[in-house]
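> Mind having a look at this structure? Questions to follow.
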């Protein structure tokens with residue numbers, strides 16, 4: 001929940017010039033608050049950046065005050081949508097069942113969902129990481145087309161805490177996630193205190209296809225360094 005429309009335009013003025021250095025083939029997706037989608041859609045048309053949303057409701061329309069539907073997103077030029085982010089699960093009662101409904105709806109309206117999975121510190125300390133993520137995948141991916149999907153592993157204990165999952169450990173978990181998929185070509189990202197000073201090591205891991213960036217994406221120079229990571 002950051003950036004007004006004016007702040008978003010200011011961010012773009014600082015960020016877009018850095019994309020001239022971005023290697024070909026890299027995908028950059030911005031997932032702002034709903035109020036910023038229309039201004040971004042107009043500004044980014046024809047650029048390297050694609051547009052994503054932070055959530056989607058599972059109904060096309062109805063009495064769901066405060067929610068956003070698939071047609072509302074596609075009309076705004078959105079192509080991706082985050083589903084099941086840990087903050088949605090933690091603060092707003094998101095469950096694996098509602099995650100599955102949102103995933104299905106996203107695909108029904110031609111959007112590519114970014115499914116977030118991950119464990120809390122308590123669950124990791126209890127040795128439940130693998131079983132929890134396996135359950136999240138089993139329930140979340142029921143009847144989901146894995147040819148139109150992105151997955152993000154975001155250990156909750158590493159989000160906004162400054163504590164980052166070791167790159168090798170993140171790689172191990174993402175490898176386990178991939179082993180559970182029917183389509184092993186699904187792009188799997190790591191998210192959790194991704195910063196300019198650890199992006200090169202993270203992206204050097206063979207199982208990690210990309211990153212889901214939080215706080216470090218709010219500053220143009222910081223996010224640009226992540227986008228333009230150095231291959232090791």
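Laboratory data are not the source of any read-out in this text; all were calculated from the coordinates shown. As the structure is a prediction and not an experimental result, all values here were calculated from the model. Quick reminder, even Gly has a Cβ in these numbers, built from the backbone with ideal geometry, and neighbours come from all protein chains shown.
> When every alpha-carbon pair in the range 28-227 is counted, what percent end up more than 20 Å apart? Walk me through the numbers before you get to the answer.
Numbers: 10943 of 19900 pairs.
It works out to 55 percent of all Cα pairs.
> Which residue, 84, 214, 118, has the most motion in a Gaussian network model of the chain that connects Cα atoms within less than 10 Å?
Top of the fluctuation ranking is 214.
> Could you please rank 208, 188, placing first whichever residue has the fewest other Cβ atoms within 10 Å of its Cβ?
Details: 208 20, 188 23.
Neighbour counts put them in this order, fewest first: 208, 188.
> Follow-up question, since we're still on this one. Test of understanding: ordering 91, 190, 153, 2 by Cβ neighbours within 10 Å, fewest first, what list do you get?
On the way: 91 9, 190 29, 153 25, 2 13.
Taking fewest neighbouring Cβ atoms as first place, the list is 91, 2, 153, 190.
> Can you show me the helix-derived [θ] at 222 nm for the chain, built from DSSP H runs with n ≥ 4 at -39,500 (n - 2.57) apiece and divided by the number of residues, rounded to the nearest 500. Each step should come with its number before you reach the end.
Numbers: 10 runs with 88 residues, N = 232.
The helix-only estimate for the chain comes to -10500 deg cm²/dmol at 222 nm.
> In which sequence would 18, 57, 45, 85 go, from the one with the fewest C-beta neighbours within 10 Å to the one with the most?
Numbers: 18 15, 57 19, 45 10, 85 25.
So the residues, fewest neighbours to most, are 45, 18, 57, 85.
> Which of rounded, prolate or oblate describes the range 110-159 when judged by the alpha-carbon gyration tensor and an a/c cut-off of 1.5? The partial results should precede the final answer.
On the way: a/c = 4.18, a/b = 1.89, b/c = 2.21.
Here the range 110-159 falls in the oblate category.
> For the range 1-59, what class follows from the C-alpha gyration tensor (a ≥ b ≥ c being the square roots of its eigenvalues): rounded when a/c is under 1.5, otherwise prolate if a/b is larger than b/c, else oblate? Walk me through the numbers on the way to the answer.
On the way: a/c = 2.30, a/b = 1.39, b/c = 1.65.
Judged from the Cα gyration tensor, the range 1-59 comes out oblate (a/c at least 1.5, b/c at or above a/b).
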